[in-house]
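Here the structure is laid out as structure tokens; the discussion comes afterwards.
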Amino acid sequence: MNKCQAKKAGLERRKRRVRGKVNGTAERPRLCVHRTNANIYAQVIDDVDGKTICAASTLSPEFRATGKVGSNKEAAEFVGELVGKKALEKGVTEVTFDRGGRIYHGRVKALADGARNAGLKF
């Protein structure tokens, strides 16, 4: 197993461990974060029904209209605010945070702070 495969396997193992503890319901859905080197994605998911309530990313038209770069903390915070506003429009006020196996630091933390600033509670 080379270094890249080992890093990916470790991420998948941490992701499975987090998902074993975090579950989204209709009353309190899961705010799932996926981060790549170039972009960041966030979804609010109801795991009981298996439905995505709302989503936002650095590839969405709302973000593209700002002209920002998608791979920094400011972009992550903006995506957090976007997903927070969309969730509040759908009637979701509380979520559980799924960091996707990543450390709660940097862009993941910035996205969480943006969602909190928009009014989501977790």
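The values are calculated or read from the model by the stated rules, or taken from the named source; none is laboratory data. Since we're looking at a predicted model, the values are computed, not measured. Cβ: placed from backbone, ideal geometry, glycine included. Neighbour counts: every protein chain shown.
Computed quantities for the displayed model
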{"item": "Lone unmet requirement of (1) over 17 Å from Ser71 (Cα atoms); (2) in a helix (DSSP H, G or I) for Gly101", "result": "(2)"}
{"item": "Counted residues, the range 38-49 - those being closer than 21 Å to Gly91 by Cα and either surrounded by fewer than 17 Cβ atoms within 10 Å (Cβ to Cβ) or more than 13 Å from the chain's Cα centre (by Cα) (or both)", "result": "4"}
{"item": "Unmet requirement for Ile45, which otherwise passes all of (1) among the hydrophobic types (A, V, I, L, M, F, W, C); (2) closer than 17 Å to Ile103 by Cβ; (3) modelled with pLDDT of 95 or more", "result": "(2)"}
{"item": "Yes/no for Arg30 being basic (Lys, Arg), within 12 Å of the chain's Cα centre (by Cα), closer than 15 Å to Val95 by Cβ and modelled with pLDDT of 95 or more", "result": "yes"}
{"item": "Test: residue in the range 66-89 that is without any contact (Cβ under 8 Å) to a residue 60 or more places away in the chain, in contact with a helix residue (DSSP H, G or I) (Cβ under 6 Å, 6 or more places away or on another chain), assigned to a strand (DSSP E or B) and within 21 Å of Leu120 (Cβ to Cβ)", "result": "no"}
{"item": "Those residues of the range 5-41 which are over 19 Å from His105 (Cα atoms) and of a type outside the set (D, E, K, R), in sequence order", "result": "Gln5, Ala6, Ala9, Gly20, Asn23, Gly24, Thr25, Ala26, Pro29"}
{"item": "Flag if Thr52 is in a strand (DSSP E or B), out of contact with any helix residue (DSSP H, G or I) (no Cβ under 9 Å at 6 or more places or on another chain) and surrounded by fewer than 17 Cβ atoms within 10 Å (Cβ to Cβ)", "result": "yes"}
